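For reference, the structure is listed below as structure tokens.
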Amino acid sequence: MGVVLADSSIVVLALPDIYRELDTSISGVTWVLVSFNLVMALAAVPAALLARRTGPGRAAAVGLAIFAGAGLACGLADELTTLIAARCVQALGGALAVTAALELLPATVGSERRAATVWAAAGATGAALGPAVGGLLTELVSWQSIFLIQVPIALAAAVPILSVAKHEMATGVIEPELRRTGRPHLWANLALAMISAAIAAALFLLVLLLIEGWRLSPIVAALVVTVMPLAAVAGGKLADLVPEARPRAAAGAILVSGGLAGLAFLPKATIVLTLPPQILVGVGLSLVLSALTETALGGRAPQAIHGGWTISARHAGVVIGLLALTPIFTAEIDQQRHDAIDAGTAVILDSPINPLLKLDLAEKVSDRLEEERGKVPTIGPAFEPLPEDSAERSEVEQLQSELQDQLDRGATHAFSTSFILAALLGLIALFPIGLSREVEL
Amino acid sequence: MRGRVLVLGSIVASLLLVGAYLAAGGSSYEPEQVQNPCQPRPWSNPQSLSEIANQFSVSALDGAACQLGVSRETLARALATPEARERFTKKYGIDDEKLAKAIRAGLVRAVDDAEEAGALSPLIAVPLRETVQQIPLDQAIELVNDAESVLGNVNSFLGPAGDILEEFLP
């Protein structure tokens, strides 16, 4: 279940590699995430109904098998359309496995309430840990490995469930008590959708900023964003101190928004400055996701159906966040790239270096722009080889540093508007959280 | 009670973070804006031929970019290679004639600026101004890109009169 719920955040770190290797655009690669989340959002509730009809054991086993098979297809995909199609199938299997697992959990952990808590914690932990796992696998093995590794994990998870499935088939017992499904908790699910949009943006945008904007390797970016899950663990301890769900959800939404606003106003392109905002987002996501999931599931039966609604809300939120923010930051990256290159060229033109060297640099910078059209360019190669004359070499190195500073400024500023909008989404979630007062755990 | 403290603590932590980042310049961390090429750019006091050539090129780029309605920086990159020039003319819908006219106008502005700054004597400026208004596109681009070698060999550029005029360069 954790693997399925963590899927989106694991894949985030691989997106820059997929983007380069499959030669697509930022908008195109976003669909690797959007397709999975869209299908999860649409399929979660029907999958929950199916799980109740066929039996949760059988549904979970079949779901995990589909998830594993499609994961294999994702790992073998050599073009974007194949990858996206496989991701859709993977999401169908994932929806079936996750909703069925929620139906099986009470028997395993003792009560429906405990099952809801475990389920919410698995979701929050998966979302927070995913990027680190994805970054390590992408850097140490390949982007394909993040999909391929899901295959044995999903199959291993299916093994103990097979005995439940066999029992269901042998006895014909599908569901001991087919209760009527109550209405989903509208406000909690609405708040979940909005906060998920904000959190998805936090992960997706931060990873792109670190890898594509600041040119960090996936493994370094993974280490940087590991601050979020660590903070989420601390947030979990904080949550234990406050039993009421609503203040926890409100505090979480405020912290997520505050962290995102901090990322929008980074005063310099350095890793250290991303840490305090990440701590706020991490603590916030731990508080808000668990509180809202517990509220959405609290006192409602059957768990699989209401769990299906929360899955649907969370993944719909991710889709909304990605689809709303991707065109904004894609356009901003393009604009900021132009501004940064102009500012960098101005630095070269106004420098006292030899005019012929200037011309040579302008030519190489122009070539880099052409090679990396639509992306934030790596400017280092334009300055190689450095002049042998030490005075000239020092001037050129100074120029390179100033030009890189302009690119860093452009890359960082390109994400500001999107981070601000994501922070607003988090704040808007406070309205449904405020209206969810009728259900307190 | 604990819930209220948690919410208040979240608000304070968020405001402190955002306030600190804004105070550290977070709202203005963006690429520096380039200067409008139509605005005059002051010449520093040039001491050598290399410095004159540098400022001459910058003035010429400013003048041409102003005529074409693009930034000086965009034009500088466009003139770096024939391929870059082709991409530039295609993107902005500029033909060679219009480009040549703009660069000649830029060179005239550079001569004017150099003369005004005392970097070129009127004896050099007048024939140079006349010459740059008629030179072909490729030579005009060469003059913008490599003013030093052209200004350093005024004799070959202006013909026999250049031998006499060259001694008026610093």
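Computed from the coordinates by the stated procedures, all read-outs in this text should not be read as laboratory data. Because the structure is predicted, anything quoted here is derived from the model rather than measured. Because the Cβ atoms are built from the backbone with ideal geometry, glycine has one as well, and the counts that use them run over all protein chains shown.
Quick one: net charge around A:K268, please, counting Lys, Arg +1 and Asp, Glu -1 for every other residue with C-beta under 10 Å from its C-beta. It works out to a net charge of -1.
In plain terms, the chain from B:E116 to B:R2 could stretch by 33.6 nm, reckoned as 0.36 nm per residue minus the Cα-Cα distance. Here the simple spin-label model places points 7 Å from the Cα toward Cβ, and for A:L162 and B:Q139 these points are separated by 8.6 nm.
Roughly how crowded by other chains is peptide B:67-76, in terms of the mean Cβ count from those chains within 10 Å of each of its Cβ atoms?
Values: counts 0, 0, 0, 1, 5, 5, 12, 4, 1, 11.
Shielding by partners across B:67-76 averages 4.
Each residue of segment A:191-204 was assigned a 3J(HN,Hα) from its phi angle through the Karplus curve 6.51 cos²θ - 1.76 cosθ + 1.60 (θ = phi - 60°); the sequence is 4, 4, 4, 5, 5, 5, 4, 5, 5, 4, 4, 4, 5, 4 Hz, with glycine and proline shown as x.
What does the charge count near A:A331 come to, summing +1 for each Lys or Arg and -1 for each Asp or Glu among other residues with Cβ under 13 Å from its Cβ? Write down the numbers at each step before the final one.
On the way: positive: A:R337; negative: A:E332, A:D334, A:D339.
Local charge sum for A:A331: -2.
Pairwise Cα separations in segment A:60-102 fall into 5 Å bins from 0 onward with the following percentages, short to long: 6, 30, 29, 17, 11, 5, 2.
Note on segment A:196-354: along the principal axes its Cα atoms extend 76, 30, 26 Å, ordered by decreasing extent. Over segment A:31-82, all Cα pairs binned in 10 Å intervals from 0 give whole-percent P(r) values of 22, 46, 26, 6, listed from short to long. Remark on the protein assembly as shown: A:C74, A:C88 stand apart, with no other cysteine beta carbon under 4.7 Å.
Computed across segment A:1-125, the Kirkwood hydrodynamic radius from all distinct Cα-Cα pairs reaches 15.0 Å. Extending 7 Å from Cα along the Cβ direction at A:S111 and again at A:D350 yields two label points whose distance is 6.8 nm.
Between the helical axis of A:390-414 and the longest alpha-carbon principal axis of chain A there is an angle of about 30 degrees. For B:E32, nonlocal amide neighbours, meaning residues 5 or more places apart or on other chains whose placed amide H falls under 5 Å from its own, do not occur.
Averaged over the residues of peptide B:48-59, the number of Cβ atoms from other protein chains lying within 10 Å of each residue's Cβ is 2. In segment A:245-289, the C-alpha radius of gyration followed by the widest Cα-Cα span (Dmax) gives 11.1, 37 angstrom.
The helix-only estimate of mean residue ellipticity at 222 nm for chain A, built from DSSP H runs of length n ≥ 4 each weighted as -39500 (n - 2.57), is -27500 deg cm²/dmol after division by the residue total. Taking the longest Cα principal axis of chain A as reference, the axis of helix A:275-297 is set at about 20 degrees.
When the P(r) is computed for segment B:1-89, the part past 19 Å accounts for 64% of the Cα-Cα pairs.
Ranked by the mean number of other Cβ atoms within 10 Å per residue, highest first, peptides B:22-33, B:112-123, A:23-34 order as A:23-34, B:112-123, B:22-33.
Expressed as a fraction of 2.2 N^0.38 Å, the C-alpha radius of gyration for segment B:57-120 is 1.12.
Pairs of Lys residues in the protein assembly as shown are counted when their Cα atoms are under 26 angstrom apart and they lie 8 or more places apart or on different chains; the count is 15.
Based on every Cα atom in the protein assembly as shown, Rg and the maximum pairwise Cα distance Dmax equal 30.8, 111 Å.
Treating only the Cβ of Lys, Arg, Asp and Glu as charged (+1, +1, -1, -1), what charge dipole size does segment B:12-94 show about its Cα centre? Round to the nearest 20 debye. Please report the intermediate quantities before stating the final value.
Working: 7 positive and 7 negative charges, 56 e Å.
The dipole of segment B:12-94 has a size of about 260 debye.
If you wrap a convex hull around the alpha carbons of segment A:223-304, what volume per residue comes out, as a whole number of Å³? Don't skip to the end; give the middle numbers.
Details: hull volume 7.8 nm³, N = 82.
Convex hull volume per residue, Cα atoms: 95 Å³.
In segment A:69-162 the Cα-Cα distances spread across 10 Å bins starting at 0 as 15, 39, 34, 12, 1 percent of all pairs.
Sorting the segments B:6-14, B:74-82 by their mean number of nearby beta carbons within 10 angstrom, highest to lowest, gives B:74-82, B:6-14.
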